[in-house]
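Enquirer: Below you will find the structure I want to go over with you.
Derivation of every value follows stated rules applied to the coordinates shown; laboratory data play no part. This is a predicted model, so every value here is computed, not measured. Cβ placement follows ideal geometry from the backbone for every residue including glycine, while neighbour counts extend to all protein chains displayed.
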Amino acid sequence: MRCERWRRVRLVSAFLAAVCVMGAQEPALLVRVYNPARAPAWVLRAAIEEATVLFQRSGVDVRWVHCEPVPERAVGDPCRESADPRAFSIGVTREVPAGVARGALAFSLLNAANRNHGAVFYGRVSDVARRYDPVVSCHQVLGHAMVHEIVHLALGGSDHDDSGLMRGEWRPADFRAMGQRGLRIAEPRLRLLKSELVARGGGAAAIGDIVGRAWLPMTISRSR
Ligand SMILES: [Zn+2]
C-alpha cells in the first residue's frame, strides 16, 4: 500500500515547520483526532501536516490533538469533548455507516449535538490513493478529506463548490492538484469559513486556552 511507503523523517520536520509559523490574529480552530481505524501513526501525522499546510495557506490557524477513546476525561484535558464552537472532532474509521453514499470518503454529523463531529473512511481513502498512485499519496487524500469535513462542520452545511477542495466529488484533476498541494478551498467559501471562525471566538490565543499550556502540536503514541 502506498500509505506504508512514505518517509517519516521528512514529514516530521515539515510538520514542525508548519506549526512554528502560526499567526496570532488569524481565524483558528482545534481538531481532536481519533484513530479507531489504527491507520499507521506516520500516515496520520503526514495527513495532519497536509491539512495544516492547507489551512495555513488559507490563513486559518489550526491546532491538533490526538485522542484515544476513553470513558471519562478530566477537566482541562484537551481531548475532553465539549460544546466549544472552535473545537471539532474527526475520526479516522474503517466502518462506513449505513446510508453513506457509495464512494464517499468521509462524512459529517451535521445533525448531531454541537455539529462538530466528522469521520474519514480510511479503507476508502487507501483504495483511492492506490488507484491514483503515484499522482497522490494516501496521507494527502486523508488530509484533504479531513479538511473537507471540518469545513462542512464549521459552516454547518453539506453544500459543495463547483471546484476546489469543497467539490462534492473529486475528479482526476483534483487528485493531481492535491498531490502537488494545489487544491484549495474556493475563495468565497474560504471567506465564509474565516468569518465564521472569527465569530466563534477563534484566534491562536483563544485556541490555546482550550488546549492549555502543556499543549503539544501532535502526540502519537503508536509507532509504525
Ligand atoms: Zn462534502
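Enquirer: Mind listing the long-range amide H neighbours of W64? Cut-off is under 5 Å, sequence gap 5 or more, other chains count too, H placed in the peptide plane at 1.01 Å from N.
Expert: For W64, whose amide H was placed from the backbone, the distant partners under 5 Å are V31.
Enquirer: So, one more: Could you go through region 173-183 in sequence order and give the Karplus-derived ³J(HN,Hα) for each residue, using 6.51 cos²θ - 1.76 cosθ + 1.60 with θ = phi - 60°, rounded to whole Hz, and x for Gly and Pro?
Expert: These are the phi-based 3J(HN,Hα) values: 5, 5, 5, 4, 4, 4, x, 10, 6, x, 8 Hz.
Enquirer: Considering amide H positions built from the backbone, and no H for Pro or chain starts, which residues 5 or more places from S89, or on another chain, come under 5 Å of its amide H?
Expert: R32, H117, G118
Enquirer: Listing Y34, Y132 from the residue with the fewest other Cβ atoms within 10 Å to the one with the most, what is the order?
Expert: Arranged by neighbour count, lowest to highest, Y34, Y132 become Y34, Y132.
Enquirer: Now, a different point. Give the long-range amide H neighbours of A186: residues separated by 5 or more places, or on another chain, with amide H under 5 Å away, using H modelled in the peptide plane at 1.01 Å from N.
Expert: Residues meeting the criterion, in which the H sits 1.01 Å from N, are L165, M166.
Enquirer: Enumerate the calculated ³J(HN,Hα) couplings along region 50-59 in order (Karplus 6.51 cos²θ - 1.76 cosθ + 1.60, θ = phi - 60°), each rounded to whole Hz, writing x wherever the residue is Gly or Pro.
Expert: Those phi angles translate into 4, 5, 5, 4, 5, 4, 4, 5, 8, x Hz.
Enquirer: Provide the FRET efficiency to the nearest 0.05 for the A199-R38 pair, computing r from the beta carbons and using R0 = 30 Å.
Expert: Efficiency computed from Cβ-Cβ geometry: 0.25.
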